[in-house]
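So the structure is just underneath, and the comments pick up after that.
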Amino acid sequence: MKSTEGRTRSPIKSMIYNFASFPSTVMEALKGIDEISMSKTYIAKDEKFNEVNLLEKDLFAINSNWDNLNEVWRFELFNLLNDSTLHYWELDEDFLQLEDFQEFRNLRPKHAILLDSLNLIVKFRQTPNLMRIDRSGKLKWKNNKYSFHHSMNLDADGYLWVCAAKVASNSVNNRRWWMNPTAKIKNPDGTTVAYEDDLITKVDVISGEVVFSKSVSELLRLKTRTTAFTEILYSTGRFETFRSKWGT
């Protein structure tokens, strides 16, 4: 039990109070965010947070930050040991293929990969933008074929492996989306549900071309043909989770 102003508050009342006051807490955290180099999609660090650094050796990392003043995304190669910046790249909106409903400052690039000669491979979430830039930030190539998402990995031969989604025309306002909601799957009850198929892609880091792609659904379909399983569970995040039988 907690005491407030001499009165006792029950656990249930405390939960209701905390839930009701949460929006005010968020608004307080967002206060003044326009004055710092940060997108409104991210909140400021709690001032009570105390940083702890117990590193004894160099540890390098790459991070991306929105620069409000110059309206660019800034990538930094830094050393976590002493919080020093070794190199940085900047990308403005001219590099990207965007739709009118997408705000550049909110399309945070993630999982950048550092190559030789301080070249960088980056992608922007929910857009068909995979690109390679040189040490000065000059574009070397850009791939708009798919919407590449989640982590990127280099194999032993230097090829890039990354998940992707097809970019298709959407029936709403004829906009293009990073997902492919025009695909359909029929449920056992006869209803048709929007479905997004992902791809596993292999990209040549020299040219930016996709040299191999495979549908994840096809992989699962081939798997079920050789086993006793006839049903697969699909979940597409914003779409309905359901079971579907191949061939229906």
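Readers should treat all values here as calculations from the given coordinates under stated rules, not as data from a laboratory. Computed from a prediction, not measured in an experiment: that's the story for all the values here. Here the Cβ positions follow ideal geometry from the backbone for every residue, glycine too, while neighbour counts run over all protein chains shown.
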Gyration tensor verdict on region 112-171 (Cα atoms; rounded if a/c is under 1.5, prolate if a/b is larger than b/c, oblate otherwise): oblate
Sparse-neighbour loop sites [trypsin sites (Lys or Arg not before Pro); region 113-156; at most 14 other C-beta within 10 Å; DSSP]: Arg135, Lys138
Amide H partners (placed H, <5 Å) of Val167, local residues excluded: Ser147
Cleavage-rule hits (GluC sites (Glu not before Pro)) in region 72-123: DSSP loop, at most 14 neighbouring Cβ within 10 angstrom: Glu99, Glu103
Full-stretch length increase - Ser213, Arg125 - with 0.36 nm per residue and alpha-carbon distance subtracted: 29.7 nm
Label-point separation in nm, Leu55 to Ser136, each point 7 Å along Cα→Cβ: 3.0
Region 48-65 - phi-based ³J(HN,Hα) in whole Hz, Karplus 6.51/-1.76/1.60, Gly and Pro as x: 7, 6, 9, 6, 10, 10, 10, 5, 10, 10, 4, 9, 9, 8, 10, 9, 10, 9
Violating pairs (Cα-Cα greater than 24 angstrom) within the set Lys13/Lys48; Lys57/Lys123; Lys138/Lys166; Lys110/Lys140: Lys13/Lys48; Lys57/Lys123; Lys138/Lys166
Distance from region 135-156 to region 44-120 (C-alpha centre basis), Å: 16
Under 5 Å, built H, 5+ apart or other chain: amide partners of Leu130: Asn143
Table column - 3J(HN,Hα) (Hz), region 146-151, Karplus curve with 6.51, -1.76, 1.60, x for Gly and Pro: 10, 8, 7, 9, 6, 6
Distance in nm between pseudo-label sites at Phe19 and Thr85 (7 Å out along the Cβ direction from Cα): 4.4
